[in-house]
Amino acid sequence: KQQSEEASRSRNRLEQELQNHIDVLSYPVGGPDTFTDQTMRILAQAGYSAAFSFQGGLNRIGGIERFNIFRCAVDGPSRAQFRLRTSLGAVTGAGWS
């Protein structure tokens, strides 16, 4: 019940503040222990279209969970390192580390 209230309340607040429709969420912290299957169902019921986690990994066409889309930090590596890692991941299928 608390998750449902927080999802709706935070969404409403963002929409009021930004004067824009919000349908995507980025989990705070976003690690695997910060949301559950129940959380993902709650977001779907609340009208969200997708949510981003922060676990690293590759998002493969046909294998993306819309309420667990992987994202990675971009502030750590240099631009060249970031491009190399994402290119290698696309070619080899290796996850982000």
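The values are calculated or read from the model by the stated rules, or taken from the named source; none is laboratory data. Note that the coordinates shown come from a computational prediction; the quantities given were computed from them, not determined experimentally. Don't worry about glycine lacking a Cβ; one is built from the backbone with ideal geometry, like all the others, and counts go over all protein chains shown. Note: areas computed on protein heavy atoms with side chains; ligands, DNA, RNA excluded. Shrake-Rupley method; radii C 1.70, N 1.55, O 1.52, S 1.80 Å.
Summary of values
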quantity: Residues of segment 1-57 classified as open to solvent by less than 40 Å² (accessible area, probe 1.4 Å) and in a strand (DSSP E or B), total; calculated: 3
quantity: Close pairs (6 angstrom Cβ cut-off, 6 or more residues apart or separate chains): within 10 Å of LEU43 (Cα to Cα) in segment 1-16, surrounded by 11 or more Cβ atoms within 10 Å (Cβ to Cβ) anywhere; calculated: GLN3/THR39; GLN3/ILE42; SER4/ILE42; ALA7/ILE42; ALA7/LEU43; ALA7/ALA46; SER8/ALA46
quantity: Residues that are of a type in the set (Ser, Thr, Tyr), in contact (Cβ under 8 Å) with a residue 24 or more places away in the chain and farther than 22 Å from ARG85 by Cβ, drawn from segment 28-63; calculated: THR39, TYR48, SER49
